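Below: the structure, in structure tokens.
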Amino acid sequence: MQNNNSPNSNNNGLNNGNNGAVAVDNNNNNNNNGVLKNDVNNNYLSPNSNGATDDKISMSPEFQQQKPSITPQPMAAVQQHQQQQTKLTFIINGFSKFENQFYTQTNTLWGLTWRLYVFPKGNTSPNDLSLFLDMNEIKQQNFPNQKVNFVLEMVNQKNPEENVRKTADHIFNIRSADWGFNKFMKIPTLLDPKNGFIVDDTIIIHAHILNVIPEVITANGQRTFIDNLLMLIIYYFL
């Protein structure tokens with residue numbers, strides 16, 4: 001396994017500004033636990049991870065004592081939750097001018113704040129674009145862990161059928177606020193205008209946040225993930 005230590009430990013030159021990176025919300029209608037998951041090519045990485053592969057997270061006594069507050073929702077509200085818009089679009093202008101890793105602007109979806117963490121020259125390989133999804137709230141002390149299923153998609157501006165998509169599942173937590181791919185796509189492929197991914201030095205990336213399930217602490221102290229629909233079933237039928 002590759003070294004997954006956080007590059008933030010010594011990236012004093014990190015550019016956290018927007019610098020032409022724009023986040024646009026397409027929500028027009030509606031709105032590991034430290035575990036490192038790697039595919040066969042070791043593409044997954046949490047840049048902010050400390051390299052832990054332990055599946056246990058130490059929590060403060062106050063957080064351990066919290067009990068879940070489950071408020072049943074009408075079925076219509078649950079259906080709306082299940083069908084809500086899930087896509088954010090990030091338009092990054094002047095992409096070829098970026099030398100160091102950077103964050104895009106933030107935007108809100110599912111009641112959480114998201115941005116992309118982009119390595120235009122690669123994180124572990126100079127030939128591979130590294131791309132990660134970052135959750136802001138999870139960095140707050142005692143904020144509940146969030147189980148997230150998402151897709152990162154590089155748009156082919158000439159032929160959408162050629163879009164590059166990669167899917168990931170991750171439990172975002174205070175020690176692992178970013179998740180994505182060291183080897184999202186080849187940089188030469190991205191930067192060649194003939195391929196359609198970059199037009200007028202602009203790239204477009206979609207982040208599809210397909211599902212977000214918060215962690216709760218049950219009455220007997222167990223940690224689990226329960227989505228709104230399951231909450232409704234438990235309330236009315238159990």
Note on the range 107-142: residues hydrophobic (A, V, I, L, M, F, W, C) and modelled with pLDDT of 90 or more are L109, L112, W114, L116, V118, F119, L129, L131, F132, L133, M135
For the range 149-165, check the following and say yes or no: at least one residue is surrounded by fewer than 21 Cβ atoms within 10 Å (Cβ to Cβ), in contact with a Lys or Arg (Cβ under 6 Å, 6 or more places away or on another chain), at positive phi and modelled with pLDDT of 95 or more. no
Assuming G94 fulfils every condition listed in (1) at pLDDT below 95; (2) at positive phi apart from one, which condition is it? (1)
Mind listing just one residue for me: the one in the range 189-212 that is crowded, with 18+ Cβ neighbours inside 10 Å and farther than 18 Å from E162 by Cβ and, of those, modelled with the highest pLDDT? A207
Of (1) at pLDDT 95 or above; (2) farther than 30 Å from K186 by Cα, T104 satisfies all except one. Which? (2)
Starting from the range 193-219, keep only residues that are assigned to a strand (DSSP E or B), then list their pairs with residues that are modelled with pLDDT of 95 or more and of a type in the set (S, T, Y) whose Cβ atoms are within a distance under 7 Å, requiring at least 6 positions of separation or different chains. I204/T89; H206/T89
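Evaluate the following for F132: is it in a loop (DSSP other than H, G, I, E, B), hydrophobic (A, V, I, L, M, F, W, C) and closer than 29 Å to P214 by Cα?
Answer is no for this residue.
Restricting to the range 143-192, what's the tally of residues that are charged (D, E, K, R), assigned to a strand (DSSP E or B) and within 18 Å of G122 (Cβ to Cβ)?
Keep residues of the range 143-192 that are charged (D, E, K, R), which gives 147, 153, 158, 161-162, 165-166, 169, 175, 178, 183, 186, 192.
Among the residues that remain, those that are also assigned to a strand (DSSP E or B) are: 147, 153, 165-166, 169, 178, 183, 186.
If we keep only those that are within 18 Å of G122 (Cβ to Cβ) as well, we get 166, 178, 183, 186.
Qualifying residue count, the range 143-192: 4.
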Just one of the numbered conditions (1) under 25 Å from F98 (Cβ atoms); (2) surrounded by fewer than 23 Cβ atoms within 10 Å (Cβ to Cβ) is not true of L129; which one? (2)
Any residue in the range 127-155 that is under 23 Å from N195 (Cβ atoms) and of a type in the set (G, A, S) sitting within a Cβ distance under 9 Å of a residue that is modelled with pLDDT of 90 or more and assigned to a strand (DSSP E or B)? List the pairs, counting only those 6 or more apart or interchain. S130/Y117; S130/V118; S130/F119; S130/G180; S130/F181; S130/N182; S130/K183; S130/F184
Can you find even one residue in the range 63-83 that is modelled with pLDDT of 85 or more and either under 14 Å from the mean Cα position of the chain (by Cα) or farther than 18 Å from H208 by Cβ (or both)? no
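The values are calculated or read from the model by the stated rules, or taken from the named source; none is laboratory data. Being a predicted model, the structure only gives us computed values, none of them experimental. Ideal geometry is used to build each Cβ from the backbone, glycine not excepted, and the neighbour counts take in all protein chains shown.
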